[in-house]
Amino acid sequence: MTPALTFFIGLVILVLFGWYFATDQGLRKRVLALTLTLLLIAFSIVTIWPPQKKIALGLDIQGGTSFLIRLKPSEKQINKAMLDQAVEVIRKRVDYFGASEPIISPVGNDRILVQIPGLDTAKIQEARDQLSRVAKLEFRLVYPDNGERLGAIDAGKEVIPPEYRIEVYKYAPGGAAMKNEFGETIPGTQKPKEERLLVKKKADLGGDRVSASNAYYGNEGWTVQLKFDSEGAKKFGQITEQYKGHRFAIVLDGVIQSAPVIRDAIYGGDAVITGRFTEEEARGLASVLENPLQTPVSIEEERSVSPTLGMDSIRASILAGLVGLVITLVCVAIYYKIPGLVANFTLIINLVLLIGALTMFRFVLTLPGIAGIILTIGLSVDASVLIYERLREEMALGKSLKVAMKAAYEKAFSSIFDANVTTLITAAILFWKASGPVKGFAIALTLGILASLFTALIVGRNFLGWFVDTGRLKRISMLHLISSKNIDFLGKGFIACMCSLALLLAGAMSFYVRGDRNFGVDFRGGDLVTMSAPNKIDIGQVREALKPIGFADASIQESAQGGKSYITVRTPLNTSDKVEKQIIQTMPNAGFKVEGSERVGALVGGELAKNSLIALGLGILGILIFVTFRFELSFAVGAIVALLHDVLITVGMFSLLGRELTLTMVGAILTIAGYSINDTIVVYDRIREGLASGRRGTIEQIMNESINQTLSRTILTSTVTLIAIVCLFLFGGAVLRDFSLAIIIGVVVGTYSSIFIASPIVLWWTRARGGGATALRREVTQKATTANPLAH
């Protein structure tokens, strides 16, 4: 599909959305909803099909290309600072290939392992160039009277000045030159030109002063723009002022790129390189100029590798996911009957739209991304549960089906809107500030939330409404296994908080005592064992062989080279001997031979960890602002306390169970945070409704009643969310067991905290800052008047 057609369809969809929300007429609204649904489904299917245009998969799911890079020692011996700088530079360069979530890890003292998913032959060559290019940029002055001095040198009348040397400047037809700011265009001819220049040996300005670089298409074709930092801009201005009329050579990796004449002083700190660049060349040059290597490198080894999760784990997780989805669909259909079938229909549309969006925008799907999809399935089902539980309440009041359905959607809207938008704010901030697997999770969750809102509030409503309005559905019956209770939840708040505090302290103590043992190979590095065999290796058998020594969940990758099969096994520090011995003894007929064993650094670099923590902090701030705006400050404090409570208890439980935190756990913890805030906001919405309704009784009574009213929905949503995760835990294999266990703990704790922790905090915080019941009622009532802006 061409970009122009994509833009046109997007514009049509946007107009239809505007028209839908602007109209109140029933039939027209339903026709617009149907048109929008069919258009989006068709657009998604066209994007997904044919299979060649399938969704891009990450290294953990589809494998990729592995490069082993060695740093070349120059005057100085390679040290840790050089290795760390090279790792960060290469990480930024690999980002040039898109959000591919690669593996980049130091190996030994002077090598770096880089694994990039989904590269075709052309991209592999481009990756080689990007990874191995030093990108040492220098600006050197050309001798003032270059031509005359060279003539005298050639005639033997003069010698080369000690601080200069002769270099050859080659430029293509049309001339590769620096334009505009220097006021010079080197004239080109039909044939390549060569020019001898007397250039300074020492750089007048180094490329380390380049703070940013980008490529764009200008009057002279593809152009690379440079921006210097403050010190570089100042020095650049001084040079261009002092040496007006002189030529200034731009040298990249020892080769002169251009040598224009300085026409005027330039104090803006900008420079532009133009030439016969293709788009790929210009973007590649901009990327390496922004991230130069301090130390030259060479690619020592290159091979194709299998997924880091292992094909055995992937097959098991696909089966577990399908089983979980089928059970979910069956349970929803049995419990809610005809409305349940509508909910299932909207869920399937949700998944189609989500996969279509991921494919169209070429996002890379990894395990944390799948965690985001699992969470959106839960959110999608939750929206239907909220609506149908409201429908049950309205019908119990004796309203007709048509009136009850309209009231149910209007009352459920604020819960769905607030819960999803709160989660969306967090996801958007994670996407903006974070990197690596955290960004992958944010992308999947953001698109999933948007799809859930569309399918629940537009597709499901109009589809079910059509059945009711046309008389095809005159009566709705649903199972009611969880009856409304009258439990004093707030009365048990103090006991619940003490239990939570005890669990938090136990987890914190365990975390402190275990120290580094809390963190897996991804966070603190480990051993990388490489073994070869004459025939194809079954990773499932290798994993089974490692089970007795507790490493069945290790990262095992398979590759082939030179007629032999290889496996690499990543395990904790000082375990390589045990791993080698176990595999050889357990699989004597495989003919394994140890090729090497070395120390590998952490996959979670300092930059990734720092960005993720900043993103999480900003996400919490975003929640605080939004919930305060929609509810009240005490509700925002309660939501954040509940979120931190759920995440910290899950991490503490993992420590108490003797489990390790790994990169896949990042996705699990983010899923827990997303579920926690969603669940809490739904409960808060019902409390807000109770307080704003003018209902008689104390705040404690109204809060308790509101929590009891949402109890059925809370348990149903948690159960449905847990179905998929429990299937993953039972059938997903050893690699995904910890991942699924973390989410199971998080969902259970999140359900508990939204009932027993979040609401008491609201009450205690209100009283602690001197606010009374009347003030809370008044403020919540004022906010409630704007809580349902789009319900119709």
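One table, with the values for the structure above:
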| read-out | value |
| --- | --- |
| Flag if Leu490 is open to solvent by 60 Å² or more (accessible area, probe 1.4 Å), at pLDDT 85 or above, aliphatic (A, V, I, L, M) and within 25 Å of Leu644 (Cβ to Cβ) | no |
| Filtered residue count, the stretch 397-427, keeping only those that are free of Cβ contacts under 8 Å to residues at least 60 places away in the same chain, in a helix (DSSP H, G or I) and farther than 23 Å from Ile41 by Cα | 6 |
| Options Ile702, Ile672: the member that is β-branched (Val, Ile, Thr), without any contact (Cβ under 8 Å) to a residue 24 or more places away in the chain and within 26 Å of Val421 (Cβ to Cβ) | Ile702 |
| Which listed residue is among the hydrophobic types (A, V, I, L, M, F, W, C), modelled with pLDDT of 85 or more and closer than 21 Å to Thr717 by Cα, from Ile672, Ile677, Ile625 | Ile677 |
| Residue in the stretch 604-622 that is at pLDDT 75 or above and more than 16 Å from Leu670 (Cβ to Cβ) present | yes |
| Selected residue (only one of Leu375, Leu353 is at pLDDT below 85 and closer than 30 Å to Ala33 by Cα) | Leu375 |
| Residues of the stretch 65-76 satisfying the condition of being open to solvent by 40 Å² or more (accessible area, probe 1.4 Å) and either modelled with pLDDT of 80 or more or within 17 Å of Val288 (Cα to Cα) (or both) | Arg70, Lys72 |
| Condition check for Ala508: under 21 Å from Ala668 (Cβ atoms), surrounded by fewer than 19 Cβ atoms within 10 Å (Cβ to Cβ) and small (Gly, Ala, Ser) | yes |
| Output for the stretch 431-482, where each listed residue is of a type in the set (Val, Ile, Thr) and either part of a loop (DSSP other than H, G, I, E, B) or touching a Pro at 6+ places or on another chain (Cβ under 6 Å) (or both) | Thr470, Ile476, Ile482 |
| Helices (runs of 4 or more DSSP H) fully within the stretch 516-633 counting 2 or more residues that are surrounded by fewer than 19 Cβ atoms within 10 Å (Cβ to Cβ) and not small (Gly, Ala, Ser) | 539-546, 576-586, 606-630 |
| Residues (assigned to a loop (DSSP other than H, G, I, E, B) and open to solvent by less than 40 Å² (accessible area, probe 1.4 Å)) located in the stretch 117-135 | Leu119, Val134, Ala135 |
| Test: residue in the stretch 658-680 that is farther than 18 Å from Ala496 by Cβ and in contact with a strand residue (DSSP E or B) (Cβ under 6 Å, 6 or more places away or on another chain) | yes |
| One residue from Thr786, Thr751, Thr721, Thr774 being in contact with a helix residue (DSSP H, G or I) (Cβ under 6 Å, 6 or more places away or on another chain) and at pLDDT below 85 | Thr721 |
| Leading residue by the ranking (surrounded by the most Cβ atoms within 10 Å (Cβ to Cβ)) among those in the stretch 209-239 that are of a type in the set (S, T, N, Q) and in contact with a Lys or Arg (Cβ under 8 Å, 6 or more places away or on another chain) | Ser213 |
| Any chance Val330 is farther than 30 Å from Pro73 by Cβ, open to solvent by 10 Å² or more (accessible area, probe 1.4 Å) and modelled with pLDDT of 75 or more | yes |
| Residue match in the stretch 298-305 (condition: assigned to a loop (DSSP other than H, G, I, E, B) and at pLDDT below 80) | no |
| All positions within the stretch 469-484 that are surrounded by 12 or more Cβ atoms within 10 Å (Cβ to Cβ), under 41 Å from the mean Cα position of the chain (by Cα) and either at pLDDT 85 or above or of a type outside the set (A, V, I, L, M, F, W, C) (or both) | Met478, His480, Ser484 |
| Which listed residue, of Thr359, Thr376, is farther than 23 Å from Ile715 by Cα, touching a helix residue (DSSP H, G or I) at 6+ places or on another chain (Cβ under 8 Å) and either touching a residue at least 40 places away in the same chain (Cβ under 8 Å) or among the hydroxyl-bearing types (Ser, Thr, Tyr) (or both) | Thr359 |
| Residue ranges of strands (runs of 3 or more DSSP E) in the stretch 246-286 with at least 1 members open to solvent by 60 Å² or more (accessible area, probe 1.4 Å) and under 15 Å from Glu195 (Cβ atoms) | 255-258 |
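For (1) modelled with pLDDT under 85; (2) of a type outside the set (S, T, N, Q); (3) within 26 Å of the chain's Cα centre (by Cα), each residue gets a yes or a no:
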| site | (1), (2), (3) |
| --- | --- |
| Gln242 | no, no, no |
| Ala265 | yes, yes, no |
| Gly284 | yes, yes, yes |
| Leu325 | yes, yes, yes |
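The values are calculated or read from the model by the stated rules, or taken from the named source; none is laboratory data. Since the structure is predicted, the reported quantities are computational estimates derived from the model, not experimental observations. Heads up, the Cβs are rebuilt from the backbone with ideal geometry, glycines too, and the neighbour counts pull from every protein chain shown. Each accessible area value is taken on the protein alone, full model and side chains, heavy atoms only, with ligands, DNA and RNA left out. Shrake-Rupley method; radii C 1.70, N 1.55, O 1.52, S 1.80 Å.
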